[in-house]
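The values are calculated or read from the model by the stated rules, or taken from the named source; none is laboratory data. Keep in mind the model is a prediction, meaning the values are calculated, not measured. Quick reminder, even Gly has a Cβ in these numbers, built from the backbone with ideal geometry, and neighbours come from all protein chains shown.
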Amino acid sequence: MVTQELLNAAKLRVRKSQSNVLDEDIRQLAEVAVADLARIGVADKHLSACTDPLIKEAILTYVNANFGNNPEKERLMASYDMLLTKIKGGRYFDK
């Protein structure tokens with residue numbers, strides 16, 4: 001579940017200051033990123049609050065890459081993939 005704090009950070013990342021119907025699109029993209037992190041095995045305890053800086057950055061990068069028609073999408077998705085690689089090598093999985 002995406003927290004309001006994470007949603008606010010995502011809105012800031014995509015340079016969106018007004019609240020409107022597009023907020024739901026940002027929330028959905030953040031949810032997809034969280035689901036993708038769960039898919040690779042990141043434990044729920046790291047995803048529930050999204051306070052870990054590496055996890056948070058991965059989610060925000062995913063949102064930024066996929067919100068609207070971002071001309072930097074390819075570069076940002078490469079950054080997202082690199083963050084996933086770093087997360088896979090970390091302490092984010094239940095044993």
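Looking only at the range 33-56, count how many residues are assigned to a helix (DSSP H, G or I) and of a type in the set (A, V, I, L, M).
Qualifying residue count, the range 33-56: 8.
What residue, among those in the range 33-53 that are hydrophobic (A, V, I, L, M, F, W, C) and exposed (fewer than 13 other Cβ atoms within 10 Å of the Cβ), is farthest from Asp94 (Cα to Cα)? Working first, answer last.
Taking the range 33-53 as the starting set, the residues that turn out to be hydrophobic (A, V, I, L, M, F, W, C) are 33-35, 37-38, 40, 42-43, 47, 49-50.
Add one more test, that the residue is exposed (fewer than 13 other Cβ atoms within 10 Å of the Cβ), and what stays is 35, 40.
Details: Ala35: 16, Ile40: 12 Å.
That would be Ala35.
Restricting attention to the range 4-24, which residues are modelled with pLDDT of 90 or more and of a type in the set (Val, Ile, Thr)?
Across the range 4-24, the qualifying residue is only Val14.
I'd like the full set of residues that are surrounded by fewer than 19 Cβ atoms within 10 Å (Cβ to Cβ), in contact with a helix residue (DSSP H, G or I) (Cβ under 8 Å, 6 or more places away or on another chain), in a helix (DSSP H, G or I) and of a type in the set (S, T, N, Q), limited to the range 59-95.
Once the filter is applied, which keeps residues that are surrounded by fewer than 19 Cβ atoms within 10 Å (Cβ to Cβ), in contact with a helix residue (DSSP H, G or I) (Cβ under 8 Å, 6 or more places away or on another chain), in a helix (DSSP H, G or I) and of a type in the set (S, T, N, Q), the range 59-95 yields only Ser79.
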